[in-house]
Amino acid sequence: MLKINNPIPLCGKPDVVWKTRDGTLIVGDYKSRENQQVYESEVIQLSVYKLLVERTQKRSVADYGFIHFKIKI
C-alpha cells in the first residue's frame, strides 16, 4: 500500500507497475469483467496511482497507464 499526505492524503496500490527501457514507470490495473469499457473513475484511479508512485518512489512515471482486461472463459 502506497500512502502520501501531500498535496492531500491518498493511499492505494496499483496492480502492476512496468518499467520501460529508459527507466520510466507505467502504472496499470487489471479488471476482470466482460464489459471492456474504461470508465472515468478508472482514469482517476490510474491518475492517483501515478501520483502515489511518483511521490513515494521519487521516479519518473508516464503520463499514461493501462487497464488490462482479463476475460473469463
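Of all residues in the range 54-73, exactly one satisfies the criterion of being within 10 Å of Leu25 (Cα to Cα), aliphatic (A, V, I, L, M) and not in a strand (DSSP E or B), namely Ala62.
Within the range 54-73, being of a type in the set (Val, Ile, Thr) and surrounded by 14 or more Cβ atoms within 10 Å (Cβ to Cβ) holds for Val61, Ile67. The set of residues from the range 20-38 being closer than 11 Å to Val61 by Cα, touching a residue at least 40 places away in the same chain (Cβ under 8 Å) and among the polar types (S, T, N, Q) comprises just one member, Thr20.
Do we have any residue at all in the range 42-53 that's surrounded by fewer than 16 Cβ atoms within 10 Å (Cβ to Cβ), of a type in the set (A, V, I, L, M, F, W, C), out of contact with any helix residue (DSSP H, G or I) (no Cβ under 7 Å at 6 or more places or on another chain) and not in a loop (DSSP other than H, G, I, E, B)? Yes, because at least one residue in the range 42-53 is surrounded by fewer than 16 Cβ atoms within 10 Å (Cβ to Cβ), of a type in the set (A, V, I, L, M, F, W, C), out of contact with any helix residue (DSSP H, G or I) (no Cβ under 7 Å at 6 or more places or on another chain) and not in a loop (DSSP other than H, G, I, E, B).
Bear in mind these aren't lab numbers, they're just calculated from the coordinates by the rules spelled out. Worth saying up front: this structure is predicted, and the values here are computed from it rather than measured. Counting neighbours? That spans all protein chains shown, and the Cβs are built from the backbone with ideal geometry, glycine included.
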